[in-house]
Amino acid sequence: MAAARLWRCPCRALLSQPGRAPRALRGLAAGPDMHFGFQSVTEEERREKIYQVFESVAKKYDVMNDSMTLGIHRVWKDILIHKMNPSPGTLLLDVAGGTGDVAFRFINYVRSVRERQLQRKLKHHQNLSWQEIFESYQEDKSNSLGDSQVVVCDINREMLKVGKQKAQHLGYSEGLSWVLGNAEELPFDDDKFDVYTIAFGIRNVTRIDLALQEAYRVLKPGGRFLCLEFSRVSNPVLSRLYDLYSFQVIPVLGEVIAGDWKSYQYLVESIRQFPPQEELKAMIEDAGFFKVDYENLNFGIVAIHSGFKL
């Protein structure tokens, strides 16, 4: 599907679910009571400050992810893709996916599935001539993603710039497009995507409820929502050690590697302000999703939430 067909006018068409009485908004605050880390700010101040954070850290974002998590974020993202289990033809929207980590994994996974399908097909064509097999292989090989496409949508120009440079360097181009857009007002038509992912991004959205409603809107009926995010550690001893590492080590790493203590202090604080697993689950259900559940990784340091638009 051509990327141009995915666009819609930027007017938001918010969804309301008949028969579902909304709960009080969890993890959200309006006006002056919003949070930027541990600071109380207005909605507009929060939006601007978060934009500045990612504008500041964009060039060192991937290096800092490796440093902060000792590389474990790569495993978490691999688990996210395996949980998605995309097949050739899947249309994925990766929101807040600026530097392309999830998108590149999606492409690799679909290519692998497509290659296995091609090999099984060739095994059933043992009676064909070598020329026929070669032509069939070349025809299928030219469409290595089987019409799959991933659209990376991010509100920050600098993050997208880094992602595009990374894609060019690593040789990713087929089935990949980049869109500047706000998770709270996505520039896509209704019912367009098979899967929506947001990895370590929903915590930085100003209005989580609006972002979830938009995720619901752009997914096709039967589509899947997947969110990978830092969450609440379940083990008390590990929780204390995690806090010690987060507040004493991560901002220092931010200063040493990225020259930016404040941005990484915010990131640590924002994790503590983010709704725990059960609250986020309830918010996803409020947006209209069904069969919502979550899986804790590393004792709840991160969690993957999943839901379906039925």
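The values are calculated or read from the model by the stated rules, or taken from the named source; none is laboratory data. Since the structure is predicted, the reported quantities are computational estimates derived from the model, not experimental observations. Cβ: placed from backbone, ideal geometry, glycine included. Neighbour counts: every protein chain shown.
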**Message:** Testing Glu285 on (1) at pLDDT 95 or above; (2) more than 29 Å from Ile107 (Cβ to Cβ); (3) within 18 Å of the chain's Cα centre (by Cα), one condition comes back false. Which one is that?
**Reply:** (3)
**Complete:** Going through (1) among the acidic types (Asp, Glu); (2) within 16 Å of the chain's Cα centre (by Cα); (3) surrounded by fewer than 23 Cβ atoms within 10 Å (Cβ to Cβ) one by one, Glu174 fails only at (2)
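Need a quick list: strands (runs of 3 or more DSSP E) entirely within segment 14-103 having at least 1 residues that are modelled with pLDDT of 95 or more.
Details: elements: 34-36, 39-41, 91-95.
Qualifying strands (runs of 3 or more DSSP E): 91-95.
Go over the candidates Gly100, Gly37 one by one and state the one that is buried (at least 18 other Cβ atoms within 10 Å of the Cβ), more than 19 Å from the chain's Cα centre (by Cα) and among the small types (Gly, Ala, Ser).
Numbers: Gly100 fails: more than 19 Å from the chain's Cα centre (by Cα).
Matching residue, one of Gly100, Gly37: Gly37.
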